[in-house]
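Values quoted throughout were computed directly from the atomic coordinates according to the rules given, and no laboratory measurement underlies them. The structure presented is a predicted model; accordingly, all values stated were derived computationally and were not measured. Cβ atoms come from the backbone with ideal geometry, glycine included; neighbour counts cover every protein chain shown.
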Amino acid sequence: MACSASGCQSNCYRNEEDDREAPTPPTQTTPSSSSGEPTPIANGNHSHGLCLKCKANRPISSSSSGSGDDARFCGDCFRSNLFGKFRLAVTSNAMISPTDRVLVAFSGGPSSRVALQFVHEMQHKAQQNFDASRDRSLPVFGVGVAFIDESAVFPVPSCEAAEGIEGMRLIVSNLALPTKELLVVPIESVFSSESSNEKNQLSKLLDAVTDATGKEDLLVHLRMLSLQKTAAENGYNRLVLGSCTSRIASHVLSATVKGKGYSLPADIQYVDARWNVPVVLPLRDCHAEELNMLCHLDGFGSLKTIELIKSPCSGINSLVSSFVKLLQEENPSRQSTIVRTAGKLTPFHFNRIPEIIDSNVPLATRRRQKRYNLKANESISSESFCPVCNSPLSRSDLVGTRNAGSSCKLSDLFSAACCSSCQFQILPKDPTSVENFYTHFPQLLVSRAKQNKSENLNLLRAQIQDCLLSDSEDET
Ligand SMILES: [Zn+2]
Ligand SMILES: [Zn+2]
């Protein structure tokens, strides 16, 4: 077992009390998020107009027009229900261990604001446990915040940008101890190691992409790359994104439209460790409407949000987002249904937190992680990744790579190594533009494409090692 009921000091964020309090596991349907209609419950409590959980306070709204939970719960219970979903996602996927350093990607919007708040609250609780423990042997995980500044792509008036960043500093510094650093990173810094004029290189790269959706997607990949680079350079080993159910539902549909069905299961799990710094999505079971409402409830107090990035709305992504929003308005369970349905696809081997080998981490935490983690036979292993979007490649994608093997031009090899969706939507059509695109592409990614092969061997070795060890495991 993870820890005894007698006051868990192990900072492993799970004790029997938690188990009792926790809502239904995220893989199943929770009554709040998936029961469909905002059921104006024919329930004695509701008819008295009281919160369903505490039966003492009034629900947030008396109408049934909201997402449902606002008609059911009072403010406090609404908040604790949402935090419960977050905490369950974190604990049951072993997202955070005591020795981790967690970087929260913060855009200033409601989702990442709530992610930051909840991660902070969890850390604060761990700190209190640490202070109260006698031996103080266990560390408290560290938290940092990163904002990727995209003003080089979407210019904002400099005073507005400065004000926004100042606002973020205030949000981060107003969080209680332990102190967190805020890293403001210009997106063009992905080129920092190779170019003296980073902004110029970024605009040349984006200009080479003519398709609006392709440009948007390329920017998403560059953003992830900046976050990865920032995390690695500053000693973080987890990256928390605020992706919520609504966002993931939109991704499911848009990825399908773009012909990325093969790699789709990789993107929609709680954990994505195909990156050097594993990415975790603790808000996967929370709806955008719920997160907006929480920010609205906490109002102009602690959950203040700032919108700094104003990306233009065009292309497939925004079309799909508005379609999903419409579906949700018609039936509040739609987003969950989409994510749950896509969730039945088999995940990839990297959709799990890599095993902890750090002996500073208590054995209980390591064992628990092992128990909850994906088993090898429940996942697909993949050997190669698209150098542009880092999607795992299917066999048919790989055939293209092999056919190009005879060419000695690097840009030919590069474009043949891309997934079919990137080839269609991001890569320029004529060969000279491809060469141009390739030369402006972040070398970080290009070198990763070259590394793929050696990593495959390491992966294979790791897999074999797993099998060899399984006989002598102490936990049988
Ligand atoms: Zn209540
Ligand atoms: Zn790709």
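Some notes on this structure:
- Extension gain from Thr210 to Lys344, taking 0.36 nm per residue of separation minus the Cα-Cα distance: 44.8 nm
- Phi to ³J(HN,Hα) by Karplus 6.51 cos²θ - 1.76 cosθ + 1.60 over region 135-147, Hz, x for Gly, Pro: 8, 6, 7, 9, x, 9, 4, x, 10, x, 10, 10, 10
- For the pair Leu297 and Lys409 in one chain, pulling the backbone fully straight at 0.36 nm per residue adds 34.6 nm over the alpha carbon distance.
- Distant-in-sequence amide contacts of Gly144, defined by a placed amide H-H separation under 5 Å and a gap of 5 or more residues or a different chain, comprise Val102, Leu103, Val104.
- Approximate spin-label separation Asn57-Glu181, in nm, with each point projected 7 Å along Cα-to-Cβ: 3.7 nm
- Along region 104-111 the Karplus relation, 6.51 cos²θ - 1.76 cosθ + 1.60 evaluated at θ = phi - 60°, assigns HN-Hα couplings of 9, 7, 10, 9, x, x, x, 5 Hz to successive residues, with x for each Gly and Pro.
- Cβ crowding within 10 Å ranks Ser314, Ser189, Ser243 as Ser314, Ser189, Ser243, fewest other Cβ atoms first.
- Using only side-chain charges placed at the Cβ, +1 for Lys and Arg and -1 for Asp and Glu, the dipole size of region 67-157 relative to its Cα centre rounds to 260 debye.
- Neighbour-count order for Arg274, Arg395, Arg169, Arg87, fewest beta carbons within 10 angstrom listed first: Arg395, Arg169, Arg274, Arg87
- Karplus-derived 3J(HN,Hα) values for region 51-61, using 6.51 cos²θ - 1.76 cosθ + 1.60 with θ = phi - 60°, are 4, 5, 8, 8, 6, 10, 9, 7, x, 4, 10 Hz; glycine and proline are entered as x.
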